[in-house]
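A.B. asks: The structure under discussion is supplied below as structure tokens; questions concerning it will follow.
The values are calculated or read from the model by the stated rules, or taken from the named source; none is laboratory data. Nothing here was measured: the structure is a model prediction, and the numbers come from that model. All Cβ positions, glycine included, derive from the backbone under ideal geometry; neighbour counts span all protein chains shown.
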Amino acid sequence: MQITKAGEYGVLGLIALSRRPFGDVVMIDVLCEEESVPKSFLGKIFQNLSKSGLVGSTRGSGGGFYLARPASDITVLEILESIEGPIALQRCLEIDVGCEHSRGCALCGLLAEAQERMKEVFAGTSLATLAGRHLPNGLVQQARLVRNPKISVSASEAAVAPESEASPLSPSLN
């Protein structure tokens with residue numbers, strides 16, 4: 001199983017939304033800029049998150065998205081399964097597929113155990129906890145440009161920045 005870009009962007013968008021006071025409505029453009037994610041893609045993802053009841057939306061000039069529940073009450077598992085569907089490490093562990101080798105199969109048993117542990121980690125991690133550990137990619141890039149306007153930093157470069165470069169930014173972003 002691999003988390004898709006949709007899953008990744010959805011979590012990042014919700015992290016950005018969770019940094020606001022509960023109930024604040026935020027335009028999708030703002031969330032995309034903070035996390036360096038494509039606007040059209042995140043908009044579609046948030047429509048799905050709205051259908052699953054994790055976010056709400058308002059239309060009009062002051063429109064945008066808001067968290068439907070406090071970030072501390074939303075788990076990473078809920079987010080990922082709202083976007084990706086039920087998590088299954090292997091096809092044989094999907095509910096409606098089954099596997100002809102599942103009875104007594106050591107591999108299926110091991111994969112089922114690994115899947116349950118992974119789901120426990122995701123279910124035991126709230127959006128608020130994840131947000132507390134996260135530096136917004138777009139803001140990291142903006143801070144680097146302010147420090148040295150001649151440097152252009154891509155999203156992938158910002159994600160793998162060495163500790164020595166990233167740590168001076170931390171106090172100013174929190």
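A.B. asks: When only residues in the stretch 1-43 that are more than 17 Å from residue 72 (Cβ to Cβ) and without any contact (Cβ under 8 Å) to a residue 12 or more places away in the chain count, which is surrounded by the most Cβ atoms within 10 Å (Cβ to Cβ)?
C.D. replies: Looking at residues that are more than 17 Å from residue 72 (Cβ to Cβ) and without any contact (Cβ under 8 Å) to a residue 12 or more places away in the chain, I get 8.
Every residue, every condition in (1) within 15 Å of residue 131 (Cβ to Cβ); (2) basic (Lys, Arg); (3) touching a helix residue (DSSP H, G or I) at 6+ places or on another chain (Cβ under 8 Å), yes or no:
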position: 49; (1), (2), (3): no, no, yes
position: 53; (1), (2), (3): no, no, no
position: 65; (1), (2), (3): no, no, yes
position: 73; (1), (2), (3): yes, no, no
position: 76; (1), (2), (3): yes, no, yes
position: 79; (1), (2), (3): yes, no, yes
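A.B. asks: Against the condition at pLDDT below 75, surrounded by 11 or more Cβ atoms within 10 Å (Cβ to Cβ), out of contact with any helix residue (DSSP H, G or I) (no Cβ under 6 Å at 6 or more places or on another chain) and over 15 Å from residue 13 (Cα atoms), how does residue 142 come out, does it pass?
C.D. replies: When the stated conditions are applied, residue 142 passes them.
A.B. asks: Right, here's the next one. Please enumerate the residues belonging to the stretch 46-65 that are at negative phi and surrounded by 17 or more Cβ atoms within 10 Å (Cβ to Cβ).
C.D. replies: Hits for the stretch 46-65 are 46, 49, 54, 55, 65.
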